[in-house]
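Bear in mind that the values in this text are calculations on the coordinates, not laboratory data. What you are looking at is a predicted structure, and each value in this text was computed from that prediction instead of being measured. Please note: Cβ atoms are built from the backbone with ideal geometry, for glycine as well, and neighbour counts cover all protein chains shown.
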Amino acid sequence: MKKLLLLLILSFFSVQSFAGSCPDGSEPVKSISADGSYFVYNCDGGNEQSSSSSSISNSGSSIKAVKYESFVDTETSSSCKDLDKNFYRKSPNKCSIIAVLDTKLKIEVGHWVKNVWQTSGLLIHRVNKNGNLEIVGKAENIQVETNEKTDRPGQMEIATIEVITEELGSNSVQVIKNPIVEIPTSTLRMVLTDVNQDGLTELVIAGMLEDGRSQDSSWREVNFIYDFETESYSKFGKPLYSHDFVAGDLDDDGYDEFIDISWGGSHQGGGVGVCNGKTLECIYQSNPPSLHTSKTSLSVYPNKKGGILFHNCSKGYLDWCWSEVTYINGRIQLKLLDKYISSKKPDKEELFKSWQGWEQKKKGWAVPGYKTSERFKLISESYRSHQFDMDGDGDFDTATWKENQLCKKLASEKVYHRPSQCKPVGEMIFFRNDNGKFTVSDTHEIDPGATTALYNFDINQDGYMDFYAFRDEHHTFECNNQINNIFFGNGDGTFRRPSVKEQSGIFGNYGCEIQSYFFEFEGEAYRAFFTHKYSKGFSGSRAVYVGVEKIGTKAEKAAKAAETDTVDTEQSAEDEIAAFEAELAVELAEEAAKAAETDTVDTEQQSVEDEIAAFEAELAAELGQ
Ligand SMILES: [Ca+2]
Ligand SMILES: [Ca+2]
Ligand SMILES: [Ca+2]
Ligand SMILES: [Ca+2]
């Protein structure tokens, strides 16, 4: 259990566990002291990025990916109703299980993780060259022991399930193919885009090797492009610890540029790579002064060059910036548009033990009513932001969340144990864009869980854009969780959380769900999800079921209502008398019902009075004794 926690912490939080330790916000470099008795941490690397640029061309060669054959038998293609009934919401939607994913872990990370797909980190859809729907998932099969010093490659698995949607909801949904391929890398950032502008999307993977290996190993890695049609991959860019990775057509030539932002610290650093979308040639520059890694997202202007980059603007995650980005001679230039102060400066310090067992003082704030030795709010970072048009006025607004760690221990304990004694607390913040000035339009408390991406989709199809965090849990402990962080838009930059009842009217809940993703295909709204079949015990297989349901939308209901209206209109005038008679009958029935109701009330009233009288009589009799 500890090991898994370590890995999870590693994957999502290790970066921040060093942040703030060095004056420039970079992580310290570990070395052994002169007498060999203790570790020394040096903050010497943060500013060593070369100001000169270098360019790296794309090799263009394509490598066939290692591929598994079919992993799903026809028996498992079935209706979602076969999943656990306890948590089945009796959704009226059409839903099918299209695959079962079960890939053994190479290295055990905890007793409940039996299958790498339990901790999958991506769920998206694409349309292939035949015009068919493909559901795509990604998981990593960790190849290194926790804290191992190694140069072994990583291993990520991409599952692509091609289905015929006409049969969704039936027991015999047609799965055309379902390969799982292996790519020798590790990543937290991926972009699905049409790299070569041939009308079909590819998966662009920002390689980095923070997959559990020691900090003393290189975490740098090139980037990969996975071609679904040929099941092969190519590489581009130079090895970089790609912490942030965004795509958008900055020069308005139709091809998306990639901004590959390295973690800015010490030996893993390497500045910012800007890769031209057409040539895939990358030019490297040092971090622009106001650009601090993490939380970065990009929106590009429609039919115009440039766009808006949202990012941390100084060390310590205390303020966030919107910058206009221009792309000149292969480099980016940033011009500040607006700034938001997200937190006041931390004014307290406590000793923390990280997943590697290192003890370090960390900054944060006191929790009112407690000594900092008992409760501590540790400064942390949310890592993700998303730009989308939430108020329908054509410009891109921003959503991100503020995340800190609430830590709790006994005053007698010397250090806080980060992995076990802290939990993330968060606040989702929505910013409305008014001509490049950004104002907070709404905030909601959230449980950040395992959020690795933010998505928008009009889930209830009311014309207002909705928003959700992908995904809820690193792994499923219990079965009562489903999309905690889902927000329905009001169309003006404010959002509300739908009730479970409202959610269940739109989409179902099948088994113990791990992650959900909403999308549109051929004009219909769908939800894809990963789930476990069993709600209790998890004694058997931990196979992950992949489902797709057509979601019940307002549009669908409106269409049904319109159909009924049409039928009514088509009724001929000669039916009018019959209708009048029916109406009359209804009125008479209503009157009769009213009369009956009055009778009931009278009867009830009478019986109550009788009871009281009886009770009084009894009482009198008792008193008289
Ligand atoms: Ca393409
Ligand atoms: Ca371009
Ligand atoms: Ca807008
Ligand atoms: Ca909506």
Just order 403-413, 450-460 by mean Cβ neighbour count inside 10 Å, highest at the front, would you? 450-460, 403-413
Answer with one residue from PHE388, SER343, TRP355: the one whose Cα lies farthest towards the positive end of the charge dipole of the stretch 293-390, charges on Cβ with Lys, Arg +1 and Asp, Glu -1. TRP355
Could you line up HIS292, HIS417, HIS386 from fewest to most neighbouring Cβ atoms inside 10 Å? HIS417, HIS386, HIS292
Once phi for every residue in the stretch 328-338 is put through the Karplus expression 6.51 cos²θ - 1.76 cosθ + 1.60 (θ = phi - 60°), the whole-Hz ³J(HN,Hα) values, with Gly and Pro written as x, are 10, 6, x, 10, 9, 10, 10, 10, 4, 9, 7
Kirkwood Rh over Cα pairs of the stretch 389-514 into Stokes-Einstein at 20 °C, 1.002 mPa s: D in µm²/s? 131
DSSP-loop trypsin sites (Lys or Arg not before Pro) across the stretch 277-351, with at most 11 other Cβ within 10 angstrom: LYS304, LYS344
For the stretch 262-312, divide the Cα radius of gyration by the Kirkwood radius and give the resulting Rg/Rh value with two decimals. 1.00
Would you work out the charge dipole size for the stretch 195-265 about its Cα centre, treating the Cβ of every Lys and Arg as +1 and the Cβ of every Asp and Glu as -1, and quote it to the nearest 20 debye? 520
Under 4 °C and 1.567 mPa s, how fast does the stretch 105-164 diffuse according to Stokes-Einstein, given a Kirkwood radius computed over C-alpha pairs? Answer in µm²/s, whole number. 97
Computed about the Cα centre, the charge dipole of the stretch 107-169 from +1 Lys/Arg and -1 Asp/Glu charges at the Cβ has a magnitude in debye, to the nearest 20, of 140
Only sites in a loop by DSSP and with at most 10 other Cβ atoms within 10 Å count here; which trypsin sites (Lys or Arg not before Pro) in the stretch 414-472 make the cut? LYS414
Report the convex hull volume per residue for the stretch 388-441, counting only C-alpha atoms, in Å³. 99
Sort 147-153, 239-245 for me by packing, meaning the mean count of neighbouring Cβ atoms within 10 Å per residue, highest on top. 239-245, 147-153
For GLY207, which sequence-distant residues (separation of 5 or more, or a different chain) have an amide H within less than 5 Å of its own amide H, given hydrogens modelled in the peptide plane? ASN223, PHE224
